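Undergrad: Shown below is the structure under consideration.
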Amino acid sequence: MEHTGHRERLRKRFDESGLNGFSDHEVLELLLTYAIPRVNTNPIAHRLLSHFGSFHRVLQAHPRELMQVEGIGSNAATLLSMLVPMF
């Protein structure tokens, strides 16, 4: 897959149709682009889902647990763990 411009394509898809048609890993991938610069976040999103078993469990995880997944640092862990309490 061509990765040049991939982040922008994800954002454009979201701008055009919200999360309709996004898979769980694509939602995580898009979220992670805001916390992890200049890195392909697709494999990290897949690792998160594999480690926690579901999108919901990823969002419920404590930051320390999230940081056990390769590629997740404190910024990404904070972003993901604050989403559920916000709603």
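The values are calculated or read from the model by the stated rules, or taken from the named source; none is laboratory data. None of these values were measured; they are calculated from a predicted model. Ideal geometry is used to build each Cβ from the backbone, glycine not excepted, and the neighbour counts take in all protein chains shown. Side chains included, ligands, DNA and RNA excluded: accessible areas come from the protein's heavy atoms. Shrake-Rupley method; radii C 1.70, N 1.55, O 1.52, S 1.80 Å.
Undergrad: Which of the GluC sites (Glu not before Pro) found in segment 22-81 are in a DSSP loop and have at most 11 neighbouring Cβ atoms, other than their own, within 10 Å?
TA: Details: sites: Glu26, Glu29, Glu65, Glu70; in loops: Glu70.
Those satisfying the criteria are Glu70.
Undergrad: Between Glu70 and Ser54, what is 0.36 nm times their sequence separation minus the Cα-Cα distance? Round to one decimal in nm.
TA: Extra length from Glu70 to Ser54 when fully extended: 4.1 nm.
Undergrad: Residues of the chain: accessible area per residue at 1.4 Å, in Å²?
TA: Dividing the accessible area of the chain by its residue count gives 63 Å².
Undergrad: Also: Can you give me the % of accessible surface on the chain that is carbon or sulfur? Probe 1.4 Å, all protein chains present, nothing else counted.
TA: Carbon and sulfur: 54 percent of the exposed surface of the chain.
Undergrad: Are there trypsin sites (Lys or Arg not before Pro) in the chain that DSSP marks as loop and that have at most 12 other Cβ atoms within 10 Å, and which are they?
TA: Working: sites: Arg7, Arg9, Arg11, Lys12, Arg13, Arg38, Arg47, Arg57, Arg64; in loops: Arg38.
Passing sites in the chain are Arg38.
Undergrad: Under a Cβ-only charge scheme (Lys and Arg +1, Asp and Glu -1), can you give me the dipole magnitude of the chain about the Cα centre, in debye to the nearest 20?
TA: Result for the chain is approximately 120 debye, rounded to the nearest 20.
Undergrad: Between (1) 23, 17, 10; (2) 20, 15, 12; (3) 19, 15, 10, which matches semi-axes √(5λ) of the Cα gyration tensor in Å calculated for the structure shown?
TA: Computing semi-axes √(5λ) of the Cα gyration tensor in Å and matching it to (1) 23, 17, 10; (2) 20, 15, 12; (3) 19, 15, 10 gives (2).
Undergrad: Apply the a/c threshold of 1.5 to the C-alpha gyration tensor of segment 9-53 and tell me whether it is rounded, prolate or oblate.
TA: oblate
Undergrad: Still on this structure: Can you give the calculated 222 nm mean residue ellipticity of the chain, where each DSSP H run of n ≥ 4 adds -39,500 (n - 2.57) and the sum is split over every residue, rounded to the nearest 500 deg cm²/dmol?
TA: Values: 6 runs with 56 residues, N = 87.
That calculation yields -18500 deg cm²/dmol at 222 nm.
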